[in-house]
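Report on the structure given below.
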């Protein structure tokens, strides 16, 4: 029996997620090496970080004690050479992967025959939700 | 020729991803070992060798969590968050944020194989994500608001509430879960028909193409929105709730529901996790070692551990959940001042009783529970 053809949109989404996921995981594996190689070149010195976490301190207190407070979720933009900046960059790739994949999927939906406009629009809607969330919109 | 074929297989997904990740992990931990040996430790600071050991421990733990979670068909966050909240003094916001990253990554890691095989239905995941994403975002914002408002009492209440949820999930799994493998749709409503959400796929075990139907898509959306709120607030993956809601409300075949919920959790948590990132609740160096283990464990679990006897894994999982629930409730009651601190022997006794129950269940000496598993 002939297997049904997997829709192009679905293949596109899977491929994008797969490679972005690997990229994020690779960066987040290399990040700790950079952090440990030069402990002072971090927002949070690894020598003191884990004991602060283990003492049950809240995130605000930890960021404050380790430096000058939390520099914002997108602090990696200007601090890629630091260990935690690099890890945050990897996390940002992983946490935005679905938005990039959904935009590519929307294009695939527009190109499919018959054209799946409503699915393309829903894909774009979710991609926009992720982008708004990533930009810190509506943050309490 | 055979060697050549094998070599080619290694350079194709998913083995290519695993090979790359393994190489990076081995090189990175070797580098960490070399850097940390003989490095100076400042006053009152932790030695770099201990930090390296801790990071490697997290990596191994994430591998095990991810592999068990995939075999058991739940999100990694459902194991990580309750266990860490119950048995470590780490702040609940940090654990819940990390738990969401773990849930998201286990979902993303399984997305590739599920979309490629056709068992996962991307349209179903996108549609459900409209509800799950909004619910999850509200839940995450609620978690941050509660953490800012309630302080130490809030921590206790959150632990007790999560203990109750985890206990309910464990009992649900103990009953085998109410699931229907191939639901028969009698009537498709107009809205679901208009959506055109279903797509046929080739079912290997039946050696035939399955062209299934769906119904009650509107109610499905309401359900996923509510599940999203719980997931975002407590930092859990929500496969345990999404699968039954797709299966029982929308009448989606069980296998399709499992695969699509994996895709949905990866997609939806990309919205949910950002409020935690912007609040500083995700500590980069604490989260980093979990990702590689999750990726390798997730894919290995999906491709290799599938041969493991699923019933045994289910009972071990139930045991972990019951013990986590006990730890969460007692820790919550202690922090609220309702009971004094328990001696270590009490935890050991609870663990031994649960372990005995798990062993008896695995060897078939416990009475059978209902359900249609």
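The values are calculated or read from the model by the stated rules, or taken from the named source; none is laboratory data. On a predicted model such as this, the values are computed, not experimentally measured, just so you know. FYI the Cβ positions are ideal-geometry reconstructions off the backbone, even for glycines, and counts take in every protein chain you see.
Yes or no: residue B:192 farther than 26 Å from residue B:89 by Cα, at pLDDT 85 or above and within 28 Å of the chain's Cα centre (by Cα)? So residue B:192 fails the test. When both residues are 6+ apart or on different chains and their Cβ atoms are under 6 Å apart, which pairs have a first residue that lies in region A:98-126 and is within 12 Å of chain B (Cβ to nearest Cβ), and a second that is not in a helix (DSSP H, G or I)? Filtered contacts from region A:98-126: A:109/A:116.
Considering region B:196-228, the residues that are more than 17 Å from residue B:257 (Cα to Cα) and within 14 Å of another protein chain (Cβ to nearest Cβ) include one that is modelled with the lowest pLDDT, namely B:206.
Taking every residue in region B:325-349 that is crowded, with 16+ Cβ neighbours inside 10 Å and pairing it with any residue that is in a loop (DSSP other than H, G, I, E, B), at least 6 positions away or on another chain, the pairs with Cβ-Cβ distances below 6 Å are B:330/B:342; B:333/B:339.
In the set B:85, B:100, only one residue is in contact with a helix residue (DSSP H, G or I) (Cβ under 7 Å, 6 or more places away or on another chain), facing another protein chain (nearest Cβ under 10 Å), assigned to a helix (DSSP H, G or I) and buried (at least 24 other Cβ atoms within 10 Å of the Cβ); that residue is B:100.
One residue alone among B:280, B:262, B:266 is modelled with pLDDT of 80 or more, within 14 Å of chain A (Cβ to nearest Cβ) and not in a helix (DSSP H, G or I), and that residue is B:280. Please verify whether residue A:3 is more than 26 Å from residue A:136 (Cα to Cα), surrounded by fewer than 20 Cβ atoms within 10 Å (Cβ to Cβ) and in contact with a strand residue (DSSP E or B) (Cβ under 7 Å, 6 or more places away or on another chain), treating the condition exactly as stated. For residue A:3, the condition - more than 26 Å from residue A:136 (Cα to Cα), surrounded by fewer than 20 Cβ atoms within 10 Å (Cβ to Cβ) and in contact with a strand residue (DSSP E or B) (Cβ under 7 Å, 6 or more places away or on another chain) - is met.
Go through region B:322-350 and count every residue that is in contact with a helix residue (DSSP H, G or I) (Cβ under 6 Å, 6 or more places away or on another chain) and assigned to a helix (DSSP H, G or I). Total meeting the criteria: 13. Of the residues making up region A:127-140, just one is surrounded by 14 or more Cβ atoms within 10 Å (Cβ to Cβ) and out of contact with any helix residue (DSSP H, G or I) (no Cβ under 8 Å at 6 or more places or on another chain), namely A:132. In region A:79-94, the qualifying residues are those that are at the interface with chain B (Cβ under 7 Å from one of its Cβ atoms) and touching a residue at least 60 places away in the same chain (Cβ under 8 Å), and the one that is farthest from the chain's Cα centre (by Cα) is A:87. Scanning region B:34-53 for residues that are touching a residue at least 12 places away in the same chain (Cβ under 8 Å) and in contact with a helix residue (DSSP H, G or I) (Cβ under 6 Å, 6 or more places away or on another chain) yields a total of 6. Search region A:30-72 for residues being more than 8 Å from chain B (Cβ to nearest Cβ), farther than 16 Å from residue A:83 by Cα and outside any loop (DSSP other than H, G, I, E, B), and hand back the single one that is modelled with the lowest pLDDT. Among residues in region A:30-72 that are more than 8 Å from chain B (Cβ to nearest Cβ), farther than 16 Å from residue A:83 by Cα and outside any loop (DSSP other than H, G, I, E, B), the one modelled with the lowest pLDDT is A:65. Restricting region A:16-29 to residues that are over 20 Å from residue B:282 (Cβ atoms) and more than 7 Å from every other protein chain (Cβ to nearest Cβ), the residue that is surrounded by the most Cβ atoms within 10 Å (Cβ to Cβ) is A:16. Scanning region A:76-126 for residues that are in contact with a helix residue (DSSP H, G or I) (Cβ under 7 Å, 6 or more places away or on another chain) and part of a loop (DSSP other than H, G, I, E, B) yields A:79, A:80, A:112, A:116. Checked against (1) buried (at least 22 other Cβ atoms within 10 Å of the Cβ); (2) under 29 Å from residue B:330 (Cα atoms); (3) within 10 Å of chain A (Cβ to nearest Cβ), residue B:114 passes all but a single condition, namely (2). Contact map, region B:139-161: residues that are touching a residue at least 40 places away in the same chain (Cβ under 8 Å) paired with residues that are surrounded by fewer than 21 Cβ atoms within 10 Å (Cβ to Cβ) and not in a helix (DSSP H, G or I), Cβ distance under 6 Å, separation 6+ or inter-chain. Pairs shown: B:141/A:140; B:144/A:140.
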